[in-house]
Amino acid sequence: MTPSATWKVGRLAEASGLTVRTLHHWDTIGLLSPSQRTTGGHREYTDNDLVRLYQVLALRSLGLALDSIAVCLDAGVGPTRLVRDHLAGVEASIEALGVLRERLVRLGEELAADKSPAAPALLDALRAIGGTGPENEHTLSRHLDAEELQALRTRAAALGPAMHYLLEVEWPELYRRAERLRATGTPATDQKTRRLVARMDELSALFTGGDAGISAGVRAAWHDDPAAMSADPGAPADDWRELAEYLDRARHSSA
């Protein structure tokens, strides 16, 4: 069998549109390290490394930071899933735009005929523009008012495709890592735990805008129904509450 070709860092930089400095940096932080080295110590990238490079660039194109990308890849986001998620997002956008187009056409026809638009047509257009809330909104609605829920929706929508990976991949992975630390007896004051809490709080600020009332409501919702908030119906409530208390201790130790 003919061995697969390898890529020197300069050639890969030219082919990918990146700089050699960027590839060196990604190697240093462990985001994209070459699988091979020459006897002289020069980097050599393989086909598998090219697959990971595609994943890194695809996730970066969604607006994810390098730390988030690393967490997503460590959590098992593969190229098949990435392409599937991209395609699903595109198709959902096309479908939503198609619905909006139909409703606006009906609304425009009524206005062009000098008729006052019927309430159902206006409501249809408003629903198409506003979209729907998250699946855990029922739980959130017990702790947030309508204005606060809308603020959450608006900020989530502004994140675009990155929202999926931040909410459904990185955030759950951060909780899993924190739970492993708690379960193995790592003190809440440990630097590893405090770094996880800091990143969780950064993600929270993305969605709440730093609003203390919304943040408190979201945390209360997690305490109230962790299974619904985590989209994990098998999540034991006691474990989630112990983890929340553990994270709060870490948070206070950082204050």
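No lab work stands behind these numbers, since they all come straight from the coordinates. As the structure is a prediction and not an experimental result, all values here were calculated from the model. Neighbour counts run over all protein chains shown; Cβ positions are idealised from the backbone, glycine included.
Using modelled backbone amide H atoms (1.01 Å from N, in-plane), which distant-in-sequence or interchain residues come within less than 5 Å of Tyr45's amide H?
Result for Tyr45 returns Trp7, Lys8.
With a ≥ b ≥ c taken as the square roots of the eigenvalues of the C-alpha gyration tensor of region 1-114, please select rounded if a/c is under 1.5 and otherwise prolate if a/b is larger than b/c or oblate if it is not?
Because a/c hits 1.5 or more and a/b exceeds b/c, region 1-114 counts as prolate.
Largest first and in whole Å, what are the equivalent-ellipsoid semi-axes of region 7-61 based on the Cα gyration tensor, each being the root of 5 times an eigenvalue?
Equivalent ellipsoid semi-axes, largest first: 17, 11, 11 Å.
Kirkwood Rh and Cα-based Rg: tell me the resulting Rg over Rh for region 135-254, rounded to two decimals.
A ratio of 0.95.
Run the numbers on region 135-254 and let me know its relative contact order in percent, using alpha-carbon pairs under 8 Å that are six or more apart.
Worked out over region 135-254, it gives 38 percent.
To the nearest Å, what is the center-to-center distance of region 156-178 and region 181-213, using C-alpha atoms only?
14
What's the local net charge at Gln36, with K and R +1, D and E -1, over the other residues with C-beta under 15 Å away?
Summing Lys and Arg as +1 and Asp and Glu as -1 gives +1.
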